[in-house]
1. So what's the back-of-envelope 222 nm ellipticity for the chain, counting only DSSP H runs of four-plus at -39500 (n - 2.57) apiece and dividing by all residues, rounded to 500?
2. Most exposed first by the Cβ proxy, i.e. fewest other Cβ within 10 Å, how do 100, 17 rank?
3. Using 0.36 nm per residue of separation minus the Cα-Cα distance, give me the extension gain between residue 99 and residue 147 in nm, one decimal.
4. Run the dipole for the range 15-174 about the Cα centre, Lys and Arg Cβ at +1, Asp and Glu Cβ at -1, nothing else charged, and hand back the magnitude in debye, nearest 20.
5. Given a Förster distance of 22 Å, report the FRET efficiency between residue 34 and residue 62 from their Cβ-Cβ distance, rounded to the nearest 0.05.
6. Nearest 5 is fine: what % of DSSP beta bridges in the chain come out antiparallel, could you say?
7. What's the exposure ranking of 74, 192, going from fewest to most Cβ atoms within 10 Å?
8. Toward the positive end of the charge dipole of the chain, about the Cα centre and with charges on Cβ (Lys, Arg +1; Asp, Glu -1), which of 124, 152, 75 goes farthest?
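Derivation of every value follows stated rules applied to the coordinates shown; laboratory data play no part. Being a predicted model, the structure only gives us computed values, none of them experimental. Positions of Cβ are backbone-derived with ideal geometry, glycine not excepted, and every protein chain shown enters the neighbour counts.
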Amino acid sequence: MASARRLTHLNPQKTLFLLCDVQEKFRPAMPLFDKLLENAKRLTTAGKILNVPLLVTEQNPEKLGKTVQELDISHAKANVGKTRFSMMVPEIEKQMQSLFDGGKPTDVVLYGIESHVCVEQTAIDLLERNINVFLVADCVASRVNQDRDLAIERLRSAGCVITTSESVIYNLLRDKNHPKFNDLRKLLLAKSADMQLTKSSSAANENTNSKL
C-alpha cells in the first residue's frame, strides 16, 4: 500500500481538470450515468468560470461516439481520441507540458468513466509522475457499482484524495469573497445528484446551504 499523501488546497493556477471518456455510447450501460452527468456538468462549468484548464479524452470515438452534448467542453485545451485506456497518451502529456511550468500540474482533478478501467489507470499514471490526484467520487461511474466502489478503495489506498464535485469547487474558491463566488452561487445552491456512494447517501436529507 502506498503511503498516504498530504491533503492540500487546490490552486487554480497549478490545477488541471481531466475529463475521461464521458461518451454517448456508455449512457445505456450505466445506471448512474445521468446522475454522474449532472454532477460533472456542474464541476466542468465551475472549472470554466474559475479558468482551470481542462483536457478531455474520448475512448475509440469512431465506435463509442463523442463526449455527450450536455457537457460544455468548449473551453477544453484539447479533446483527444485514444485507444489506450489511460488518458496519459502522448498528446495529453504534450498539452500538460505546454500548460504548466515544469511540464506538469501540481494537482489533477480527475473524473469520468469507467472508474475501474480508464479512470483508475489514468490515476495510477499520474501518481507515478508525482502528481496529486483528486478523484471526484460523485463524478465517476462504472457499469456495475461494485467495480466503481472497489476502484475508489484501491485508489484511496494508492494515495489519491477522494473528494466530491462540491468539495472541489469550494476548495478552489477558499473564500466567500472570491471574485467569482457570485458567479458560482447558483451552481453551489444546487444539490449534488446522489451517486449511492454510501448507505446513508440514498436517504433524503435537507440541504441548508448555510455556507451561502
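1. The helix contribution divided over the chain gives -10000 deg cm²/dmol.
2. Final ranking by Cβ density, sparse to dense: 100, 17.
3. Going from the current span to full extension adds 14.0 nm.
4. That gives a dipole near 140 debye.
5. For R0 = 22 Å, the calculated efficiency reads 0.35.
6. On the way: 1 of 25 bridges.
Taking every DSSP beta bridge with both residues in the chain, the antiparallel ones total about 5 percent.
7. Listing 74, 192 from fewest to most nearby Cβ atoms yields 74, 192.
8. 75
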